[in-house]
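Here's the structure we're looking at; comments come further down.
The values are calculated or read from the model by the stated rules, or taken from the named source; none is laboratory data. None of these values were measured; they are calculated from a predicted model. For neighbour counting, all protein chains shown are included, and Cβ atoms are generated from backbone atoms with ideal geometry for every residue, glycine included. Ligands, DNA and RNA are stripped out before the accessible areas are found, and what is left, the full protein with its side chains, is counted by its heavy atoms. Shrake-Rupley method; radii C 1.70, N 1.55, O 1.52, S 1.80 Å.
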Amino acid sequence: VLGVRVSSWEVYKPFGLGMLALVAAVWLNDSIAEPDRATWNLMLRRGRWIAAGAVVASVAMALRFGIFAAGGADAYGYVSQAAMWASGRLAVSDPLASIAPLVGAAAGPLGYQMAHTPGLIVPTYPAGLPIVMALATTLGGPSAAYLVVPLCGGLVVWLAYTLALRIGDTRAGFLAAILVAFSPIFVFQSLEPMSDVPVTAWWLLAWTLALSPGGAAAFGAGVSVSAAVLTRPNLVPLALV
């Protein structure tokens, strides 16, 4: 700037200064603007686009930084179960079957247990997420299973906007979308092939449809609750609500 080199080795200070500048710009604009041109009122017309931007940002972050590998016990259980079902199998041979008489149930990996038929193991993880992953695998190949969670993350952000819109207005909607999209635990879970984000999508869809008129919406809410319970059975008490 004017021959002076300006640089920063961290993001927090420039971001903080940028936010202060944004707040100052909004305040200066609103102090002289007509009421219908004030920032808060303009958001009524632009909230949908802001929410859409949060959806795009959420999906983009998950695709860019996501873990496209079954590297943990839970991820392995879900992804391998989906691959098994996509190939039309309900059980799979146990590579440690020969030592099963010595080690017992430990011959089955995490997420599986020994089948009644010797030499086979069967999955024990809830079926909801593997069913969706198996469908994605059938349509797009093995790598498509890892797209389920990022896409569900985008759906969560959009449904947060839609649900808040039903309860409040457009401003409540885009604020809800932004708060969800950049919630640290949501961002973290959207990077891994696990069931936390998909089950959130099912519950939000159930709430959104439950607040919609008509028998089709009520039926859809019931189906969504069923899918949510199938994904995380420990949350079945929410179905009563």
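Cβ-Cβ distance of A91 and A239, R₀ of 30 Å, FRET efficiency by 1/(1 + (r/R0)^6): the value works out to about 0.50. This model, with +1 at the C-beta of Lys and Arg and -1 at the C-beta of Asp and Glu, gives segment 18-145 a dipole about its Cα centre of some 220 debye.
Residues in segment 109-119 carry Karplus couplings, in order, of x, 4, x, 9, 9, 5, 7, 5, 7, x, x Hz; the curve used is 6.51 cos²θ - 1.76 cosθ + 1.60 with θ = phi - 60°, and Gly or Pro positions show x. Relative to the dominant Cα principal axis of the chain, helix 215-231 is inclined by about 60°. The Cα center of segment 13-82 and the Cα center of segment 84-113 differ in position by 43 Å. The angle between the Cα long axis of helix 148-167 and the longest principal axis of the Cα atoms of the chain comes to about 50 degrees, rounded to the nearest 10. Within the accessible area of segment 1-101, the carbon and sulfur atoms contribute 69%, probe 1.4 Å, all protein chains present. For helix 12-32, report the angle its Cα long axis makes with the longest principal axis of the Cα atoms of the chain; keep it between 0 and 90° and round to the nearest 10°. Around 50 degrees separate the two axes. Annotation: L28 carries an accessible surface of approximately 100 Å², with a 1.4 Å probe and no ligand, DNA or RNA atoms counted.
In the context of the full set of protein chains, the chain has a per residue accessible area of 59 Å² (1.4 Å probe).
If the chain linking W49 and L20 were pulled fully straight, counting 0.36 nm for each residue of separation and taking away their Cα-Cα distance, it would gain 8.1 nm. Straightening the chain between A38 and R5 buys 8.2 nm, computed as 0.36 nm per residue apart minus the Cα-Cα spacing.
Annotation: amide H-H contacts under 5 Å for Q113 (H modelled 1.01 Å from N, sequence separation of 5 or more, or interchain): V122, T124. Across segment 123-130, rounded Karplus estimates of 3J(HN,Hα) from the backbone phi angles (6.51 cos²θ - 1.76 cosθ + 1.60, θ = phi - 60°) give x, 10, 6, x, 7, x, 5, x Hz, Gly and Pro being marked x. For segment 66-82, 3J(HN,Hα) computed residue by residue from phi via the Karplus equation (6.51, -1.76, 1.60; θ = phi - 60°) reads x, 9, 8, 7, 8, x, x, 4, 5, 4, 4, x, 5, 5, 5, 5, 5 Hz, glycine and proline entered as x.
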